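Engineer: The structure under discussion is supplied below as structure tokens; questions concerning it will follow.
The values are calculated or read from the model by the stated rules, or taken from the named source; none is laboratory data. Just so you know, these numbers come straight off a predicted model, no measurement behind them. All Cβ positions, glycine included, derive from the backbone under ideal geometry; neighbour counts span all protein chains shown. Protein only, heavy atoms only, side chains kept; ligands, DNA and RNA dropped before computing areas. Shrake-Rupley method; radii C 1.70, N 1.55, O 1.52, S 1.80 Å.
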Amino acid sequence: MLTAIRAELLRWRNTARWSLQGWRAAWRSEKSLRQWTLANAGSALLALTLDLTAGERALILALGLLVLAAELANTALEEVVDYISTAQDPRAGKIKDCGSAVVGMTALAAGVAWAVVLIG
């Protein structure tokens, strides 16, 4: 039992370390991740200072994190496409465009949430 607990803790530690490595790599290379992080920090600051319900605050914070997750996934897609081939291929462009659309849609969802929270 103790061995299983240690193994699980080690797995969690490794997962956290790899996630942090991925964040750092994307942070260094992706201006859009840095921009979304700044926008998310401003959004979070507003969500934590305005008179919002716990549910409204949770929605705003969670959607902000979802935008960052979408940006990381988009970065991963772009890296995979570029790794596989440097040749121009319409499918590669479609993959990259769809990844970008995921970021756009999550950002739109966050904006809609803000609009509904503020307008009522």
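Engineer: Which of the residues spanning segment 1-20 are open to solvent by 100 Å² or more (accessible area, probe 1.4 Å) and assigned to a helix (DSSP H, G or I)?
Structural biologist: Scanning segment 1-20 gives LEU2, THR3, ARG6, ARG11, TRP12, ARG13, ARG17, TRP18.
Each row is one residue, and each column tells you yes or no for (1) under 30 Å from GLY120 (Cα atoms); (2) of a type in the set (Phe, Trp, Tyr); (3) under 12 Å from the mean Cα position of the chain (by Cα).
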site	(1), (2), (3)
ARG11	no, no, no
SER29	no, no, no
ALA70	yes, no, yes
ALA101	yes, no, no
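Engineer: Another one. Would it be correct to say that TRP36 is touching a helix residue (DSSP H, G or I) at 6+ places or on another chain (Cβ under 6 Å) and aromatic (Phe, Trp, Tyr)?
Structural biologist: Yes, satisfied.
Engineer: If you don't mind, there's one more thing I want to ask. Only residues that are free of Cβ contacts under 8 Å to residues at least 24 places away in the same chain and of a type in the set (Ser, Thr, Tyr): list them for segment 47-78, please.
Structural biologist: Hits for segment 47-78 are THR49, THR53.
Engineer: How many residues are open to solvent by less than 40 Å² (accessible area, probe 1.4 Å) and either aliphatic (A, V, I, L, M) or part of a helix (DSSP H, G or I) (or both) if we restrict to segment 25-78?
Structural biologist: Count: 19.
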